[in-house]
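A short write-up of the structure that comes next.
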Amino acid sequence: MTDSAFAFMPYPPVDVPHAASGPLAGYTFAAKDLFDVAGYPTGGGNPHVLAMSGIKQHTAPVIQRLLDAGARLVGKAHTNEMAFSMSGKNAHYGTPRNGAAHDRIPGGSSSGSASAVSNGLCDFAMGSDTGGSVRTPASYCGLFGLRPSHGRISLERTQALCESMDTAGFFTRDAGLFGLVGECLLGQDPAPLPQAPQLVSSEQLFGLLPGASIAALEPVLAQISDRCGPLLTLEDELPSLKDAYWAFRYIQGREAWQAQGEFIERNGLALGPDVAARFAWSKAVTDEQYESACAFREGFAARWEQLLGNRVLVMPTVPDIAPLLSALDEEIEETRQISHHLLAIAVLCRMPQLNMPLATKHGAPLGISLMGPRGSDLSLVRLAVRIAS
């Protein structure tokens, strides 16, 4: 396979056994280079990690589940370094191509996975989402993408970033396959949605978007209303998104340092400037900041559970289309911070959120999301398939 999109790690090809039949037979997929696959190393987006990895002898259960369902693995996809970035750029390995907008960044940290699917190099791909690393590239690259309820899909034999926020998600180009992969990975919902769930939206969340983005999403909101009934508006004041952003940052930072800090310092890892700065900030997070953030998270999640009930929130995935490849690092960082005011909600609430590629702006994709109660993942996927089909 020729990888003109620079989506895959250039590892020697490995014939990974898969079932001859099953619900995913005939489909190909890629795995973000955080998931262990027997016969491959796991590089985590960093050459030192790759050098120390060795060839793995065991496959992550989530990858094995797909293989057992008949899907064929075609390679391991690039990831932002240590999965701690949202741009899709990697200081060591470069930037995978956004298949839907070649002049724009793919988004990270599951950049290679999104690139592989959006460029048609495989049918679907596994990524991970800690703070938006499936949802953001899904919106930027015009893909369906799921961040599941925290803990819903196994992360065994997967490189960690933030234990209480890491999730395993996936990308597809079309709604039908999105549903098939969801059926394979999610199992039955512990908290299924009603057969005809009520959909709600929030003017406060859409108010974070520039006017042109709101205009681009208006036809999509109309489509959703046509398929599912009128959207109700959440009238209640939402808990502080600014406070939620900082709670997310402090929890992510502290747990990222706990997961990787000692390894980074002991082995003298050379990190790209943006990732190095992020880990340096993380090292400085205090016990008080972390404990206060965790307490805020519990109250924030309880309030959202009260607001949402068994309904589904229709919300922007990110505020805008992907920044240009020529954008300055400072511009990309500003976009990242604004995006996290939206992305952090599902993270702190441990709720499932998925992106649907139903809008464009200036010829580039702009996603819209569904967020459901914790444990409603498969119901949410099925709802997305109904809306998009």
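The values are calculated or read from the model by the stated rules, or taken from the named source; none is laboratory data. Worth saying up front: this structure is predicted, and the values here are computed from it rather than measured. Neighbour counts run over all protein chains shown; Cβ positions are idealised from the backbone, glycine included. Areas reflect the complete protein model, heavy atoms only, side chains present, ligands, DNA and RNA absent. Shrake-Rupley method; radii C 1.70, N 1.55, O 1.52, S 1.80 Å.
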Within segment 116-150, how many residues turn out to be touching a Leu at 6+ places or on another chain (Cβ under 8 Å) and of a type outside the set (A, V, I, L, M, F, W, C)? 13
For segment 83-122, which positions are closer than 19 Å to LEU161 by Cβ and charged (D, E, K, R)? LYS89
Determine whether PRO230 is free of Cβ contacts under 8 Å to residues at least 40 places away in the same chain and more than 25 Å from HIS341 (Cβ to Cβ). yes
Condition first: in contact with a strand residue (DSSP E or B) (Cβ under 6 Å, 6 or more places away or on another chain), crowded, with 22+ Cβ neighbours inside 10 Å, in a loop (DSSP other than H, G, I, E, B) and among the hydrophobic types (A, V, I, L, M, F, W, C). Can you find one or more residues in segment 344-353 that meet it? yes
Among what's in segment 225-236 and is surrounded by 10 or more Cβ atoms within 10 Å (Cβ to Cβ) and of a type in the set (Asp, Glu), pick the residue that is nearest to ALA196 (Cα to Cα). ASP226
Need pairs with beta-carbon distance below 9 Å; first residue without any contact (Cβ under 8 Å) to a residue 60 or more places away in the chain and within segment 188-208, second assigned to a loop (DSSP other than H, G, I, E, B); sequence gap 6+ or separate chains. ALA196/GLY229; GLU203/LEU234; GLN204/LEU234; GLN204/GLU237; GLN204/LEU238
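Conditions (1) over 20 Å from ILE321 (Cβ atoms); (2) under 14 Å from the mean Cα position of the chain (by Cα), marked per residue:
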| position | (1), (2) |
| --- | --- |
| VAL62 | yes, no |
| PHE84 | yes, yes |
| PRO96 | no, no |
| SER111 | no, yes |
| MET126 | yes, yes |
When you scan segment 41-60, do you find a residue that is more than 24 Å from the chain's Cα centre (by Cα), surrounded by fewer than 24 Cβ atoms within 10 Å (Cβ to Cβ), more than 21 Å from PRO137 (Cα to Cα) and charged (D, E, K, R), even just one? yes
When GLU218 is evaluated against the numbered criteria (1) closer than 19 Å to ALA388 by Cβ; (2) touching a strand residue (DSSP E or B) at 6+ places or on another chain (Cβ under 8 Å); (3) open to solvent by 20 Å² or more (accessible area, probe 1.4 Å); (4) not β-branched (Val, Ile, Thr), which criterion, by number, is the only one it fails? (2)
Go through segment 143-164 and give me each residue that's more than 15 Å from ALA31 (Cα to Cα), crowded, with 24+ Cβ neighbours inside 10 Å and of a type in the set (Gly, Ala, Ser). SER149
